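Structure first, then comments.
The values are calculated or read from the model by the stated rules, or taken from the named source; none is laboratory data. Values in this document were obtained by computation on a predicted structure and should not be read as measured data. Cβ: placed from backbone, ideal geometry, glycine included. Neighbour counts: every protein chain shown.
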Amino acid sequence: MTDITHAVRSAPDPAGASSPVLLLLHGFGSHERDLVGLVPHLDARLPWASLRAPLPAGAGAAWFPIVKPGSPDEAPVAEATDAIWAWIDAELGADAEVVPLGFSQGGLMASQLLRTRPARVPAAVVLGGFVLGAPQPGDATLGETRPPVFWGRGAEDLVIAPHAIERTAVFLPEHAALDERVYPGLAHGIDAAELADVRSFLARTAVAARSASA
């Protein structure tokens with residue numbers, strides 16, 4: 001069984017609000033502290049947690065093996081998705097809402113959380129990532145509710161396979177209120193312009209969701 005065994009979290013919310021929680025999901029070969037440095041730049045005013053993927057990958061970790069770039073096998077992705085939800089249920093609560101923010105492989109995992117339990121994901125951020133080709137349990141619901149999703153990527157990103165980008169460009173507009181941004185000159189990474197746009201996105205979605213649930 002795949003388990004999440006390493007995570008870092010913010011201090012408990014002094015306001016006592018339990019959701020939503022900004023959930024940071026790193027890319028291939030990285031670790032749970034990789035994206036934590038983004039938090040001060042996002043000014044999300046949300047509690048946050050950052051998880052380490054369950055599979056060893058070099059000096060870091062991965063959410064799923066890379067077999068064919070852009071077309072991961074469905075089974076390991078499903079196992080990783082279940083592992084994340086198990087951690088959320090155990091550590092944040094069975095009714096906790098999350099706003100996943102993922103980079104690269106973590107971006108796919110952010111979309112997986114949205115596509116498997118959409119009622120608990122008021123918004124999602126996919127950076128340099130893509131969506132799985134296989135249908136997911138929440139897709140029909142997303143087609144009706146269209147929650148806000150930010151999808152940002154670099155115009156010079158040569159890591160993500162073109163067919164995965166094409167698949168995502170078809171899926172997200174049909175299943176989300178999509179904020180899509182492509183950044184000139186950016187490769188497979190995150191720059192200041194993208195962070196500023198994510199900050200604005202979170203301010204009008206995740207923070208608004210928190211206020212509504214308070």
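Tell me, which residue of the range 58-70 that is crowded, with 16+ Cβ neighbours inside 10 Å and part of a loop (DSSP other than H, G, I, E, B) is farthest from the chain's Cα centre (by Cα)?
Checked the range 58-70; the qualifying residue farthest from the chain's Cα centre (by Cα) is G70.
Is one or more of the residues making up the range 116-139 of a type in the set (F, W, Y) and over 24 Å from I66 (Cβ atoms)?
no
Considering only the range 20-57, how many residues are assigned to a loop (DSSP other than H, G, I, E, B), touching a His at 6+ places or on another chain (Cβ under 8 Å) and not aliphatic (A, V, I, L, M)?
The qualifying residues number 4.
Which condition breaks for G29 when tested against (1) out of contact with any strand residue (DSSP E or B) (no Cβ under 9 Å at 6 or more places or on another chain); (2) modelled with pLDDT of 95 or more?
Only one criterion is unmet by G29, namely (1).
If S50 passes every condition in (1) at pLDDT 95 or above; (2) more than 26 Å from V159 (Cα to Cα) but one, which one does it miss?
(2)
Given the criterion surrounded by fewer than 16 Cβ atoms within 10 Å (Cβ to Cβ) and modelled with pLDDT under 95, identify the matching residue among D73, D3, D89.
Just one listed residue meets the conditions, D3.
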